[in-house]
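Undergrad: Sharing a structure below in structure tokens format, with a few things to ask.
The values are calculated or read from the model by the stated rules, or taken from the named source; none is laboratory data. If you're wondering where the values come from, they're calculated on a predicted model, not measured in any experiment. FYI the Cβ positions are ideal-geometry reconstructions off the backbone, even for glycines, and counts take in every protein chain you see.
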Amino acid sequence: MLTEGHDLVVVGSANADLVIGVRRRPAAGETVLGSDLATYPGGKGGNQAVAAARLGARTALLARVGDDAHGRLLLDTQRAAGVDTRPVLVGGAPTGVALITVDPSGDNSIVVSPGANARLTSADIEAAAPLLAAARVVSLQLEIPLETVAAAVRAVGPDTRVVLNPSPPAPLPPDVLAACDPLVVNEHEARSLLDGDPAEAGDDPAAWAAALLGRGSRSVVITLGPAGALAADRRGQTRVPGVPVEAVDTTGAGDAFTGALAWRLGTGDDLATAVRYAVRVGAAAVTRPGAQQSYPTAAEVAALPD
């Protein structure tokens with residue numbers, strides 16, 4: 001297994017997104033006609049890896065895909081972005097697929113078949129332990145089994161920083177939560193992790209961040225869409241405003257944000273500085289359609305207005 005140090009190792013999902021445009025989403029038992037099928041590379045892990053690599057990070061992806069056309073598409077896309085795909089495991093199940101219908105307003109309905117993502121195991125993580133221990137940052141999501149995420153947390157080196165986006169949200173074991181530096185959540189994910197407790201999950205992102213810190217996370221970042229983000233650690237909180245852009249498509253923008261944030265933390269940025277950069281990356285990503293194909297280069301981020 002690889003042992004050289006990477007700026008960022010992303011451990012997570014890689015999906016093929018199968019997208020059909022519809023005039024309206026079907027009701028139960030109903031058939032509607034749609035547009036031609038479009039296939040795009042996706043998955044939160046794959047998205048984060050592409051976003052970071054396109055910015056210039058030395059990035060590796062640890063994931064599992066099927067030995068099929070969708071798996072080959074995902075691997076080719078990662079390599080084209082500059083991601084080290086040697087850790088990607090092939091086989092065991094078909095590549096994960098997201099079936100997406102999108103109506104004219106942009107609202108969508110999504111059904112995910114995890115496929116090979118669900119077969120990324122703790123044993124796979126243990127085999128890759130030298131890779132994780134040598135990384136500056138390891139970034140995780142919850143589109144792979146939670147026990148696999150926990151194994152990755154245990155495998156990181158003493159100087160490796162862990163970034164976790166708990167999406168889709170699920171209760172986190174104490175040792176996983178304690179490793180998060182930061183825990184990256186949007187409003188929905190924050191409320192879910194706080195169990196809807198009115199005392200903690202009101203309408204104040206600052207209160208959400210304080211509550212999540214109180215539950216054990218080392219630091220917290222709450223993404224706020226066009227309004228920017230909130231960064232919080234034991235020393236205090238910093239509100240980072242959004243960047244004014246003309247949004248075209250928000251698909252995958254959160255993954256672009258997290259990939260950029262993880263990379264900048266690995267370069268030595270403090271949390272607030274890394275969040276400011278990540279907000280700019282997320283803003284650039286929404287100005288173009290799609291997920292991975294919308295992710296900016298470092299030069300494109302620098303060209304955004306202040």
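Undergrad: Kindly indicate which of 164, 194 is touching a Cys at 6+ places or on another chain (Cβ under 9 Å) and closer than 25 Å to residue 224 by Cβ.
TA: 164
Undergrad: I'd like the residue in the range 231-253 that is within 16 Å of residue 289 (Cβ to Cβ) and out of contact with any helix residue (DSSP H, G or I) (no Cβ under 6 Å at 6 or more places or on another chain) and, out of all such residues, is surrounded by the most Cβ atoms within 10 Å (Cβ to Cβ).
TA: This residue is 251.
Undergrad: Counting only residues that are of a type outside the set (S, T, N, Q) and within 21 Å of residue 57 (Cβ to Cβ), which one in the range 154-174 is surrounded by the fewest Cβ atoms within 10 Å (Cβ to Cβ)?
TA: Step by step, filter the range 154-174, then rank; the result is 159.
Undergrad: Looking only at the range 67-84, decide whether some residue is among the aliphatic types (A, V, I, L, M), in contact with a Pro (Cβ under 9 Å, 6 or more places away or on another chain), farther than 25 Å from residue 274 by Cα and modelled with pLDDT under 95.
TA: Taking every residue of the range 67-84 in turn, none turns out to be among the aliphatic types (A, V, I, L, M), in contact with a Pro (Cβ under 9 Å, 6 or more places away or on another chain), farther than 25 Å from residue 274 by Cα and modelled with pLDDT under 95.
One line per residue, one yes/no per condition, for (1) part of a helix (DSSP H, G or I); (2) among the aliphatic types (A, V, I, L, M); (3) under 22 Å from residue 149 (Cα atoms); (4) in contact (Cβ under 8 Å) with a residue 12 or more places away in the chain:
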residue: 4; (1), (2), (3), (4): no, no, yes, yes
residue: 10; (1), (2), (3), (4): no, yes, yes, yes
residue: 20; (1), (2), (3), (4): no, yes, no, yes
residue: 28; (1), (2), (3), (4): no, yes, no, no
residue: 31; (1), (2), (3), (4): no, no, no, no
residue: 40; (1), (2), (3), (4): no, no, no, yes
residue: 49; (1), (2), (3), (4): yes, yes, yes, yes
residue: 52; (1), (2), (3), (4): yes, yes, yes, yes
residue: 61; (1), (2), (3), (4): no, yes, yes, yes
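Undergrad: Kindly provide the set of residues from the range 262-277 that are surrounded by 23 or more Cβ atoms within 10 Å (Cβ to Cβ) and within 15 Å of residue 8 (Cα to Cα), ordered by number.
TA: 262, 263, 264, 265, 266, 274
Undergrad: If I go through the range 3-41 residue by residue, how many of them are under 25 Å from residue 67 (Cβ atoms) and exposed (fewer than 13 other Cβ atoms within 10 Å of the Cβ)?
TA: 1
Undergrad: Here is a further query. Out of 25, 86, which single residue is charged (D, E, K, R) and in contact with a Ser or Thr (Cβ under 7 Å, 6 or more places away or on another chain)?
TA: 25
Undergrad: Any idea which of (1) among the charged types (D, E, K, R); (2) buried (at least 24 other Cβ atoms within 10 Å of the Cβ); (3) modelled with pLDDT under 95 is the one residue 64 doesn't satisfy?
TA: (3)
Undergrad: Sort through 282, 290, 259, 225 and tell me the only one that's touching a residue at least 40 places away in the same chain (Cβ under 8 Å), surrounded by fewer than 24 Cβ atoms within 10 Å (Cβ to Cβ), within 18 Å of residue 48 (Cα to Cα) and small (Gly, Ala, Ser).
TA: Result: 290 is the single residue among 282, 290, 259, 225 that is touching a residue at least 40 places away in the same chain (Cβ under 8 Å), surrounded by fewer than 24 Cβ atoms within 10 Å (Cβ to Cβ), within 18 Å of residue 48 (Cα to Cα) and small (Gly, Ala, Ser).
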